[in-house]
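Structure, as C-alpha cells:
The values are calculated or read from the model by the stated rules, or taken from the named source; none is laboratory data. Quick caveat: nothing in here was measured; it's all calculated off a predicted structure. Reconstructed Cβ throughout: ideal geometry from the backbone, glycine too, with neighbour counts over all protein chains shown.
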Amino acid sequence: MGKDVIIALDYPSREAALSFLDLFSGDTPFVKIGMELYYAEGPSLVREIKARGHQIFLDLKIHDIPNTAAGAVRSISSLGVDMINLHAAGGLAMMTAAAEALQGMPEPAPKLIAVTILTSLNQDALEQELWVPRALTDTVLHYGQNAREAGLHGVVCSPLEAGMIHARLGADFLTVTPGVRFESKDAGDQQRVTTPAKARELGSDYIVVGRPITKAADPVAAYRRCMDEFVSK
C-alpha cells in the first residue's frame, strides 16, 4: 500500500452508495464503509463493492473485551477487505488479541489500524468531557506506541499528528488521516483539519475524504483534485 485517497461512503443505503460509485466509470477509488452504511446494508454490500474492484477500509471501530474484539476481526477479515480498525482506547490486551486473530488468516490479510483520538475532539473535550489530563498530542502518540507494541500496522490520527507518529514509530507505521478539507475553514464537525496538499507535506500515508468529494457538484473532479494534490505532486 502506498499513498492514496480514501473516499468515505457515508450514505444510508446500498442504492445511494452504488449510484455514487457509478459516477467513477474510469476509476475504482479506495473507499471507506462506515457504521451508517454497514449497519444498513451489511456484509453483502461490502462483498459487492469489493467485487467491483475497490479497495475497502471497513471502519467499524471495534472496541470491546479482547476475546470479542478478536472474534470480530476474524469475521470482518473473511469479507476480503483491505483495512479494518479498532479503538486504541480499548487497551493493549484488546489490540494484541485483535492482531493475533489475523495470524493464520488467508492472505492477503487486512491492515489493522487503531483510532487514536477522534478528529472531532480537541484538548478541551479531552480534559473536560473524557477526563484525560494529558496533552492531546501526547495521548495520540502514547496510543500509537501501544498500537505498535500490540502488532498493529498503523493508526488513525489527524494529519497534524502524522509526522510525529512517523518520527517516533517509524516510516512504515501507517497514518490514516481524516479531517481533510480543500479549505481548512470548512471544517464541518471536525476540529483538527488540514488540506490534501498540507496532509501530504505533514506525512500522511492515506487521507480519508468524505463530504468535500461526496457533496461536491462534480464528485469525480473533486476526487481527482484530491489525488493530484495528495498523491501526484
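What to note about this one:
- Each residue in the stretch 80-102 was checked for being of a type in the set (A, V, I, L, M), buried (at least 17 other Cβ atoms within 10 Å of the Cβ) and in contact with a Pro (Cβ under 8 Å, 6 or more places away or on another chain), and 7 of them qualify.
- Residues in the stretch 22-40 that are touching a residue at least 24 places away in the same chain (Cβ under 8 Å) and over 19 Å from the mean Cα position of the chain (by Cα): LEU23, PHE24, ASP27, ALA40.
- Of all residues in the stretch 19-72, exactly one satisfies the criterion of being of a type outside the set (Gly, Ala, Ser) and modelled with pLDDT under 95, namely ASP27.
- Members of the stretch 1-20 found to be touching a helix residue (DSSP H, G or I) at 6+ places or on another chain (Cβ under 7 Å), of a type outside the set (D, E, K, R) and over 19 Å from SER204 (Cβ atoms), listed by number: LEU9, TYR11, PRO12, SER13, ALA17, PHE20
- Residue in the stretch 146-155 that is part of a helix (DSSP H, G or I), within 17 Å of the chain's Cα centre (by Cα), free of Cβ contacts under 8 Å to residues at least 40 places away in the same chain and within 19 Å of VAL73 (Cα to Cα) present: yes
- Selection from the stretch 55-65 of residues that are buried (at least 22 other Cβ atoms within 10 Å of the Cβ) and in a loop (DSSP other than H, G, I, E, B): none
- Residue in the stretch 92-106 that is farther than 23 Å from GLN145 by Cα, in contact (Cβ under 8 Å) with a residue 24 or more places away in the chain and touching a helix residue (DSSP H, G or I) at 6+ places or on another chain (Cβ under 6 Å) present: yes
- Filter result (of a type in the set (A, V, I, L, M, F, W, C), assigned to a loop (DSSP other than H, G, I, E, B) and closer than 23 Å to LEU169 by Cα) within the stretch 122-145: VAL132, ALA135
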